[in-house]
Amino acid sequence: WGSGGTDWYISPSGNNANDGLTSGTPKKTFANVFAAMASGDQLNLMDGTYSVAEGTGIIHYDTGTYGANSAQIPGGVSLARSTRVKAVNDGAVTISGPLFIGRSFRADDYIEVWGCKFTGGGSLFNGSYNSLKNIAFDGVFGIGTSDHAMPVEYNLVEDCWIWATSARIIAINYQASKNTWRRVVVRGD
């Protein structure tokens, strides 16, 4: 894909004993594959549902809530060498839980996430130069927060769908600037 990084594969039917370097030898858990990846690599998500119940974990730092198989995406190197997490087939990957990028003490920059559905919404909590494309968020999604002073800017949310039920705020850009939301549908049920 032009980044100069390594392509990795993960599948709900994978195995962490696999090398994860081909679609025929995918890894199973986010914690295992993110620990093996370097900044600027690409993770290809094969079709299926990723969840705590399936044993894959989710893309989140909170292993107390979401299990030891969950982990966060390693930040990229630059705009030209972002770390990418991409569905092999757009719309055929569901991650049963929220997406979470960044921490209050650490900005995760240069990350791209493409073609997945997250049940539980998500947060681009702390990071810049990230892009989320062709993502469905079933739940509240936001960029930024009030609990750190680091900038959260130059992020792109493009061709995404966000919906929630009984939520006061469904999509928010909070104490974050210079972010672009393009062709985003927000719906309250």
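Some values worked out for this structure:
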quantity	calculated
Residue count for the range 69-87, restricted to those that are open to solvent by 50 Å² or more (accessible area, probe 1.4 Å) and touching a helix residue (DSSP H, G or I) at 6+ places or on another chain (Cβ under 9 Å)	1
Failed item, numbered, when T94 is tested on (1) of a type in the set (S, T, Y); (2) open to solvent by 20 Å² or more (accessible area, probe 1.4 Å); (3) more than 13 Å from the chain's Cα centre (by Cα)	(3)
Options T56, T25: the member that is more than 18 Å from the chain's Cα centre (by Cα) and β-branched (V, I, T)	T25
Criterion: of a type in the set (F, W, Y), free of Cβ contacts under 8 Å to residues at least 60 places away in the same chain and closer than 21 Å to G76 by Cβ - qualifying residue of F137, F125	F125
Hits in the range 145-189 (condition: within 21 Å of F105 (Cβ to Cβ) and out of contact with any strand residue (DSSP E or B) (no Cβ under 7 Å at 6 or more places or on another chain))	T145, S146, D147, H148, A149, M150, P151, Y154, Q175
Unique residue being small (G, A, S), in a loop (DSSP other than H, G, I, E, B) and within 19 Å of R84 (Cβ to Cβ) when the list is A38, A31	A38
Meets criteria (in contact (Cβ under 8 Å) with a residue 24 or more places away in the chain, surrounded by 14 or more Cβ atoms within 10 Å (Cβ to Cβ), under 21 Å from S123 (Cα atoms) and within 17 Å of the chain's Cα centre (by Cα)) for Y66	yes
Count - residues of the range 66-83 that are among the hydroxyl-bearing types (S, T, Y) and part of a loop (DSSP other than H, G, I, E, B)	2
Subset of the range 44-63 that is assigned to a strand (DSSP E or B) and among the β-branched types (V, I, T) - its residue that is most open to solvent (accessible area, probe 1.4 Å)	T49
Cβ-Cβ under 6 Å pairs, at least 6 apart or on other chains, the range 172-189 side closer than 17 Å to G121 by Cβ and in contact (Cβ under 8 Å) with a residue 24 or more places away in the chain, far side of a type in the set (A, V, I, L, M, F, W, C) and open to solvent by 60 Å² or more (accessible area, probe 1.4 Å)	V185/W161
Qualifying residue in the range 171-187 (condition: outside any strand (DSSP E or B), out of contact with any helix residue (DSSP H, G or I) (no Cβ under 6 Å at 6 or more places or on another chain) and of a type in the set (S, T, Y))	yes
Boolean, S146 is free of Cβ contacts under 8 Å to residues at least 24 places away in the same chain and out of contact with any Ser or Thr (no Cβ under 7 Å at 6 or more places or on another chain)	no
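The values are calculated or read from the model by the stated rules, or taken from the named source; none is laboratory data. Computed from a prediction, not measured in an experiment: that's the story for all the values here. Positions of Cβ are generated from backbone atoms using ideal geometry, with glycine treated the same way; all protein chains shown enter the neighbour counts. Note: accessible area is taken over every heavy atom of the protein model, side chains too, but ligands, DNA and RNA are not part of it. Shrake-Rupley method; radii C 1.70, N 1.55, O 1.52, S 1.80 Å.
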